[in-house]
Structures are given as C-alpha cells and as structure tokens.
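Q: What follows is a structure written as structure tokens; I'll ask about it next.
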Amino acid sequence: MLHGKCPDCGSKSFRKDANRAEVVCLKCGTIIEESMVHDGPEWRAFDAEQRNSRARTGAPLKYMSPNKGLVTEIDQYNRDVRGGKIAPSQQAQLYRMRKWHKRASISNSIERNLAIALTELNRVASHLGLSESIRESSAFLYRQCVEKGLIRGRQIESVVSAVVYAICRQYGIPRTLDEISNVAEIPKKEIGRTYRLITQELELKIPLTNPRFYIARFITSLKLSGDTQEKAIDILSKAMEKGLISGRGPMGVAAAAVYIASVMTGERRTQKEVADVAGVTEVTIRNRYRELRKSLGLKVAI
C-alpha cells in the first residue's frame, strides 16, 4: 500500500474494502481513505475468449498491415448479424461495396507502396523462418524509410531485404546477406548498398555480427554432437579474446572453428562439407584454420 502508516495508531497494516470503496487500518479500524474510484473494468472474465469479447480497447497496432489494422473490413461470408444468409440481390450490392472499400483504403502512392512492400516482407520473412516480432520490427523500420524518402528511386524488394537484414543484425539472428539475397532474388551488392544507406540516414546502431550465432546452425546441418559444439564455441571464444576475428568474415571464422572442433572430437567433417554448409569457400576455411591453429597453439592432426 502507498498510505505509509495509520495516523491514529501508527500501524502499517491496511485492508482495501472494494465493496465500501475504503482503506481500513487492520489494527484500530480507522478509515484511511474513502470514496475510492475503481479504475478497472466493471465486468469479470473467466477465460481468454470472454476477456477478448468484453474488452473495448480493440487490437494493438500492427505495422505489418498497410493501415496498421485500423480499418473497417467487409467480410466475405454474406451473412447478416444473426448468421442468416443474405439475399442474392443484396450480395451483389455487398460485392460492389467491398470493391470500392478496398480501392478507397489504398488512396495514394505511399499506401500502394506499403501494400506491395509489406506483402514482400512477409514472403521473405516466411522463407527465412522469422518470428512475428521480427516482422513487426522490420515493418516499422520500412515505414521509417518511407517517411525519410529513402525508397524513392530504389527497388521495393531491395529496401525490404536491407530492412530485414538490419533487423536480423540488431536482434542477433544469424541470417546472412547470401540467404536473404537468394530468397528475395536481389543481388547481394544491391542489398548491401541499400543497407548501408539505411543505417547512415537513420543513424542505426547495428552491432557487429558475433560468429557464435552461426555455430549452432553449422553443427545442426553437419549432424555433429553437443561436445563438438562446445569445443567449437571454446575455440571461438579464445580467438575473440585474442582479437583474431577482427577484419575477418564471421562465417569463415565460425566455419573454421567447427571444422577444427570436428577433427579434435573425432567427428571429422571435410573442409568441403563445412564450406557448403557455411556458404564460404574451402580456401577461406583453410586460411582461417591456419590462423587459429597458429595463434591458439592448437594441436590438430589433419
């Protein structure tokens, strides 16, 4: 309670009486506060369905929807409020209403752009297996790009891809430019160029990609054990402590750590197998492998 202590007896024990709208001291019975205003709902709900049906606040804003979810929808069921079927003559009228309602909801170029872009964003995110929260954050960032005029003269798909990549980097989700490029069917250079523009213009603080994020993916794809994963993380941690990953691609360093760990634990995988999973060349893995072995003093029998 926020009432301190009772002015009569000094007790700090109080009871809130909702029926009388009073706060009473438990020791001496003094009324500390009366005529309280109850700021909660006047109804009760016993499950989620009742709570949703009785709430009056509506759904939260959804940035993945072009109108943020704040729009009236004319459904396709052709039934009245009682569930009865609507007459065929009225169905034709409803059809025209739906058509013009849909046209009116997208009234300018920005809304048309959002309708196309958010559909593409949803497609890319689905292929990459991204969660709803990541999609919402990506949609919000895309809307910021629209407000800043960064989409003018650029492909919608390239801006969407750059936005998704930026959000994945911010949230520490291991998705590479190559993966996004393959899904979006946009050249990697174009996505990278747009990404750099967005980060500069919106002053985004994107953290450096941590190679640890890729370890679990490589281990799973190569069907290696937990011991190998722990060994790879240990090798990578030592390399990061010594600053060996500075200026190196995180994918190559992570792939080399997994390759070394697989050899050390007896679950050997070839450099080609690791390279195919990581999306890097065998030459990259060999170069990173030599650097790690020499700098960390690893004894690896290749």
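Read-outs throughout are calculated quantities, based only on the coordinates presented, and are distinct from any laboratory measurement. Small disclaimer: the values here were computed from a predicted structure and weren't measured. Note: ideal-geometry Cβ built from the backbone for every residue, glycine included; neighbour counts use all protein chains shown.
Q: In nm, give the distance between the simple-model label positions of SER13 and LYS68, each being 7 Å from the Cα along the Cα-to-Cβ direction.
A: That separation, rounded to one decimal, is 5.0 nm.
Q: Let me ask something else about it. How much length would be gained if the chain were fully extended between GLU203 and GLU136, taking 0.36 nm per residue of separation minus their Cα-Cα distance, in nm to one decimal?
A: Full extension of this stretch gives 22.2 nm more.
Q: Sort 189-196, 87-94 for me by packing, meaning the mean count of neighbouring Cβ atoms within 10 Å per residue, highest on top.
A: Per-residue mean Cβ counts within 10 Å order the peptides as 189-196, 87-94.
Q: What base-10 log of the normalised intensity I(q)/I(0) is obtained for the range 99-184 from the Debye formula, alpha carbons as equal point scatterers, at q = 0.15, 0.23 Å⁻¹?
A: Debye intensities relative to I(0), on a log10 scale: -0.54, -1.11.
Q: What pairs in LYS238/LYS299; LYS231/LYS299; LYS148/LYS188; LYS188/LYS231; LYS62/LYS102 have C-alpha atoms more than 25 Å from each other?
A: Beyond 25 Å: LYS188/LYS231.
Q: I've got another one for you. Could you calculate the FRET efficiency of ASP75 with PHE46 from 1/(1 + (r/R0)^6), where r is the beta carbon distance between them and R0 is 25 Å, rounded to 0.05?
A: E(calc), rounded to 0.05, equals 0.35.
Q: How would you rank THR284, THR265, going from fewest to most other Cβ atoms within 10 Å of each one's own Cβ?
A: THR265, THR284
Q: Can you give me the orientation-averaged projected area of the convex hull built on the Cα atoms of the chain, in nm²?
A: Seen from a random direction, the Cα hull of the chain projects 28.3 nm² on average.
Q: What's the exposure ranking of PHE218, PHE14, PHE213, PHE46, going from fewest to most Cβ atoms within 10 Å?
A: Final ranking by Cβ density, sparse to dense: PHE46, PHE213, PHE14, PHE218.
Q: Here is a follow-up. Of the options THR199, GLY29, TYR95, report the single residue whose Cα projects farthest towards the positive end of the charge dipole of the chain (beta-carbon charges: Lys, Arg +1; Asp, Glu -1).
A: Of THR199, GLY29, TYR95, it is THR199.
Q: On full extension of the chain, what length is gained from MET97 through SER109, given 0.36 nm per residue of separation minus the C-alpha to C-alpha distance?
A: Result for the pair: 2.1 nm of gain on full extension.
Q: For the range 221-230, just list the computed ³J(HN,Hα) in residue order, Karplus coefficients 6.51, -1.76 and 1.60, θ = phi - 60°, integers in Hz, with x standing in for Gly and Pro.
A: So the Karplus estimates, Gly and Pro as x, are 5, 8, 6, 9, 7, x, 4, 5, 5, 4 Hz.
Q: Still on this model: Among ALA18, ALA117, ALA278, which one moves the most in a GNM of the chain with springs linking Cα atoms closer than 10 Å?
A: ALA18
Q: If R₀ is 25 angstrom, what is the calculated FRET efficiency for the pair ARG268 and MET240, using the beta carbon separation as r and rounding to 0.05?
A: E between ARG268 and MET240, to the nearest 0.05, is 0.55.
Q: Which cross-chain or sequence-distant (5 or more) residues have an amide H under 5 Å from the amide H of PHE14, H modelled 1.01 Å from N in plane?
A: Here the answer is LEU26, since their amide H atoms fall under 5 Å of that of PHE14.
Q: For the range 212-296, what is the per residue volume of the convex hull drawn over the alpha-carbon atoms, in cubic angstrom?
A: Considering the Cα atoms of the range 212-296, their hull volume per residue is 76 Å³.
Q: Ranking ILE31, ILE215, ILE116, ILE186 by Cβ neighbours within 10 Å, fewest first, what do you get?
A: Exposure proxy ranking, most exposed first: ILE31, ILE116, ILE186, ILE215.
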